[in-house]
Ligand SMILES: Nc1ncnc2c1ncn2[C@@H]1O[C@H](COP(=O)(O)OP(=O)(O)OP(=O)(O)O)[C@@H](O)[C@H]1O
Ligand SMILES: [Mg+2]
């Protein structure tokens, strides 16, 4: 049975997990840094890197203990090697390299986005390739066709903000606290989604790309007008975002008619209203819908270990070289054309 240790440290969660080839999460721990970053209303890279450095080694020891596994029992040590905040990524990757070297176990340098993209297969053993994937997280908003491990074609991306970022900024504007996504979702439950007129950027455009900067500005203007309750703004924002996502996916799905399943992954996939809207869309297209449980949507190490297991299953892969570098940027589809206005988000 394949057994892989996973390490995640690309943003503000320090996470370690042991996962086996039967999709069993043998052990996992996550330390969130919410308290450290809350006073700043967002993640401070230097604080994040230091917190990862303090927590990671004892956490690895604890998870191996929980799993009752010795380093030598492992088939691979997988760590996020990018994209992400480079200080944190380096902490995790260097730790994995040291353990791999000391125990003579293969190193697997995982693309964090590949971790998100394959996480639905950890949760759902029936999910086969190819599938249509909406990847919506704090840093990314993409529609991808997933043909296999390593086979990702990007059909759409955002020309400005990611969807998770829009949730976080909305929370900040409304003073709902940090982290923003779950706070907006909670407030939205108490509000009227029709109360505030907000734009649906890109809706109707022939290409399936996203834009959320204008929606964010409209949220700010609505808030500053003093005319609306925060709960109504949160609910109206969430509905506008969902309308955009559903419209953009409708365009992209026309190009992926051979995909039987619509899949959502990444932190925003934890949102129950987003999941419900996608389930409805899938049904209309005669597709199956699947999403990982919310805890596997936001950053975690089980998905990194799982991506390691998936890569170890490839015929020509026996591990990455120990001199592989951490990467602040690392697109899943290296061949995707830059999109006008995409700037750093492509
Ligand atoms: N219930 C929710 N509703 C909406 N958004 C949510 C919810 N839970 C989390 N999010 C959003 O998900 C994002 C975090 O997701 P994730 O941890 O995958 O992102 P990241 O790792 O920071 O970015 P990336 O994966 O692109 O590098 C945040 O922007 C957060 O607000
Ligand atoms: Mg992430």
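Readers should treat all values here as calculations from the given coordinates under stated rules, not as data from a laboratory. Just so you know, these numbers come straight off a predicted model, no measurement behind them. Cβ: placed from backbone, ideal geometry, glycine included. Neighbour counts: every protein chain shown.
What to note about this one:
- Taking only Cα atoms of the chain, radius of gyration then Dmax in Å: 19.8, 63
- Rounded, prolate or oblate (a/c below 1.5 giving rounded, otherwise prolate when a/b exceeds b/c) for region 128-291 by Cα gyration tensor: prolate
- Using the Cβ-Cβ distance between residue 273 and residue 101 with R0 set to 30 Å, the FRET efficiency from 1/(1 + (r/R0)^6) comes to roughly 0.05.
- Two-site FRET efficiency, residue 295 against residue 68, from Cβ-Cβ distance with R₀ of 22 Å, rounded to 0.05: 0.50
- On Cα atoms only, tilt of 112-123 relative to the major axis of the chain in degrees: 90 degrees
- Gain on full stretching of the segment that runs from residue 190 to residue 23 - 0.36 nm per residue minus C-alpha separation: 56.4 nm
- Highest average first, the peptides 43-51, 330-338, 178-186 ordered by how many other beta carbon atoms sit within 10 Å of their residues are 178-186, 43-51, 330-338.
- Computing FRET efficiency as 1/(1 + (r/R0)^6) for residue 250 and residue 323, where r is the C-beta to C-beta distance and R0 is 51 Å, gives about 0.70.
- Each helix, a run of at least 4 DSSP H residues, gives -39500 (n - 2.57); summed and divided by the residues of the chain, these come to -13000 deg cm²/dmol at 222 nm.
- Of all DSSP beta bridges confined to the chain, the antiparallel ones make up roughly 60%.
- Model label sites at residue 54 and residue 221, defined 7 Å from Cα along the beta-carbon direction, differ in position by 4.3 nm.
- Taking Cα atoms only, the orientation of helix 302-312 departs from the longest principal axis of the chain by about 60 degrees.
- Protection-proxy order for peptides 19-26, 305-312, 118-125, 235-242, each taking the mean of Cβ atoms within 10 Å per residue, highest first: 305-312, 235-242, 118-125, 19-26
- Shape call, region 91-185: gyration tensor on alpha carbons, a/c limit 1.5: oblate
- Peptides 95-101, 133-139 ordered by packing proxy, namely the average of other Cβ atoms within 10 Å per residue, highest first: 133-139, 95-101.
- C-alpha long axis of helix 163-174 to longest principal axis of the chain, angle in °: 60 degrees
- In a fully extended conformation the segment linking residue 40 and residue 128 would gain 27.5 nm over its present Cα-Cα distance, using 0.36 nm per residue.
- Inter-site label distance for residue 2 and residue 333 at 7 Å from Cα along Cβ, in nm: 2.5 nm
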